[in-house]
Amino acid sequence: MGQSKGIIYFVGAGPGDPKLITVRGVELLQQAEVVIYDRLVNPQLLSHAKKDVHLIYCGKTPNEPSISQEAINNLLVFHGLKGQTVVRLKGGDPGIFGRVGEEAAFCRKHNLQFEIVPGITSGIAAPIYAGIPLTHREFSSSFAVITAHRRKNSETDDINWRSLAKGIDTLVFYMGVKQVDHIQQKLILHGRSPETPVAIIRWGTCDNQETVTSTLAEITDVVKSRHIQAPAIIVVGNVVKVREDLSWFEDKLTSPELTDMLSH
């Protein structure tokens, strides 16, 4: 009798704060025999797994050698065909720039069962932890999430900058710090006001979260002068203005009294 096949669970780990993973995500981590996890997954989440779990790190660090996507796909199938319960733990939400489409399709190709568990994506969580709601009745009735990271060996820019600049109130860029000058130039070129407020949020929802605000005209200079590095989310839009009144998480981090009050 042949060995039964395993199952692959693609689980969103959330944006950084380990308490922001879903209940379903924790349940699956507790059941997992194998956990294949990314660089931006909070290591504290791995404590939910069993003591004898097989942990496999497959994070991709910018400008450093890392495991290929093909190798990750093969790992999933290898352990699934062995009959194991596998959690593929991804930062944020698997479906938002998490390559779950490629990985799940590869599992389906090998007749492996899978489930996709959503997570809170950093493009929503980091702004709200910085006091910036992506929608607001006065400032924003639409938002878009965009990756500024081009595909390897791609010379083309397939972003519709005109539509983004003129048609969407709030823009949220992932992986955009190294491309901030390109983002700035393209948006202004296609009609976005240089005075549009911009926020950059590093390590959103984590204890070392840092938010810097500026304007579209000045953001490139700010990134260079402040030596801002990834991981960071860039928010472009008038809704950034409300941070002045709604900032809460970083206030909590710098106020011992507020920290104590909110922890109870």
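The values are calculated or read from the model by the stated rules, or taken from the named source; none is laboratory data. All values reported here derive from a predicted model rather than from experimental measurement. When we count neighbours, we look across all protein chains shown, and the Cβ atoms used for this are built from the backbone with ideal geometry, even at glycine. Surface areas here come from the heavy atoms of the whole protein model, side chains and all, with no ligands, DNA or RNA. Shrake-Rupley method; radii C 1.70, N 1.55, O 1.52, S 1.80 Å.
Some values worked out for this structure:
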quantity	calculated
Long-range neighbours under 7 Å by Cβ, at least six apart or interchain, first residue open to solvent by 80 Å² or more (accessible area, probe 1.4 Å) within the stretch 129-150, second at pLDDT below 95	H149/M175
Members of the stretch 6-51 found to be out of contact with any strand residue (DSSP E or B) (no Cβ under 8 Å at 6 or more places or on another chain) and either in a strand (DSSP E or B) or at positive phi (or both), listed by number	G16
Residue that is farthest from G12 (Cα to Cα), among those in the stretch 36-85 that are in contact (Cβ under 8 Å) with a residue 40 or more places away in the chain and of a type in the set (V, I, T)	T85
Residue list for the stretch 165-198, restricted to those being over 24 Å from R99 (Cβ atoms) and touching a helix residue (DSSP H, G or I) at 6+ places or on another chain (Cβ under 6 Å)	A165, T170, D181, Q184, K186, L187, H190, G191, R192, P194, P197, V198
Cβ-Cβ under 7 Å pairs, at least 6 apart or on other chains, the stretch 173-194 side over 16 Å from N160 (Cα atoms), far side loosely packed, with under 13 Cβ neighbours inside 10 Å	V177/Q229
Within the stretch 33-61, tally of residues that are of a type in the set (V, I, T) and open to solvent by 30 Å² or more (accessible area, probe 1.4 Å)	1
Boolean, I120 is touching a Gly at 6+ places or on another chain (Cβ under 7 Å) and open to solvent by 60 Å² or more (accessible area, probe 1.4 Å)	yes
Meets criteria (open to solvent by 80 Å² or more (accessible area, probe 1.4 Å), farther than 22 Å from L46 by Cβ and acidic (D, E)) for E64	no
Some residue of the stretch 94-103 being more than 23 Å from M175 (Cα to Cα) and either at pLDDT below 95 or not polar (S, T, N, Q) (or both)	no
Strands (runs of 3 or more DSSP E) contained entirely in the stretch 74-151, each with at least 3 residues that are of a type outside the set (V, I, T)	85-90, 113-117
The stretch 197-237: number of residues that are of a type in the set (V, I, T), part of a loop (DSSP other than H, G, I, E, B) and either over 19 Å from A126 (Cβ atoms) or open to solvent by less than 10 Å² (accessible area, probe 1.4 Å) (or both)	1
